[in-house]
Amino acid sequence: FAGGDDLFLIGPWNRMAELAAHLRRRFSEYVCGNPEITFSAGITVHKPHVPIDKLAESSEEALAAAKNADSGKNRLSMFEQTVTWRDFKSLQENRQAMQSWLDRKLVSRVMFYRLNHFVKLAEKEGRLGEVDSIPLSAMDCVKWPAMFQYNLARNVNTKTPAGEKAMEEVAIMAQWLQNYRGAVRIPLWQILYQERS
């Protein structure tokens, strides 16, 4: 771009998050880890036939979300979720664990699609603290942990030799939802998109 400090890159959707993290690490090395010099990124995913101007426009919006977050710049925005680079690194580690559950058939693909519902509920619960009064109809979201445990019991494969261990391993997802709320979409959707391609 004209300012000389922005990049607009087009590439395979499943490699762009990794590339953004790599560029951010190298940039941090280049500026000797100076916290006053930030690196923000906005990643969007599109079908192949989308015109370049539309790609640029939605990428600019994602970048603006990363630069204008309430708690400051130096963030990444992906799947309409804005996170710090530290949280993004943790979420990518979570993605590897989640992918391992699928690969080892500890969790069904159906359960992975259901996780979207729990992400939405956990996100909604997180926003309850931001309002002065909460209508009773909005309180449904607070029961997501119980619903999650119920779905876990029905969908985790406990028939494997490590059945009980599998249940404990997958139950960590509740903690991720509690910690990251809607940002769990980042690793979850990366896996779901990969499964569809």
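Readers should treat all values here as calculations from the given coordinates under stated rules, not as data from a laboratory. Quick caveat: nothing in here was measured; it's all calculated off a predicted structure. Cβ atoms come from the backbone with ideal geometry, glycine included; neighbour counts cover every protein chain shown.
Data table
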| quantity | calculated |
| --- | --- |
| Solution diffusion estimate, µm²/s, Stokes-Einstein, the chain, Kirkwood Rh from C-alpha pairs, 37 °C, viscosity 0.692 mPa s | 177 |
| Relative contact order of the chain, defined on C-alpha pairs under 8 angstrom at six or more residues apart (%) | 19 |
| Two-site label geometry, MET167 and ILE37: point separation in nm, points 7 Å out along Cα→Cβ | 5.3 |
| Rg [Å, one decimal], Dmax [Å, integer] - region 76-145, C-alpha atoms | 15.0, 45 |
| Cα principal axis extents for region 104-152, largest first, Å | 45, 16, 12 |
| Alpha-carbon radius of gyration plus Dmax, which is the widest Cα pair, for region 32-78 in Å | 12.7, 40 |
| Relative contact order [Cα under 8 Å, 6+ residues apart], region 9-93, whole percent | 24 |
| GNM flexibility winner over the chain from LEU121, LEU76, LEU55 (Cα, springs under 10 Å) | LEU55 |
| Cα-based radius of gyration of region 1-114 once divided by 2.2 N^0.38 Å, which approximates compact folds | 1.19 |
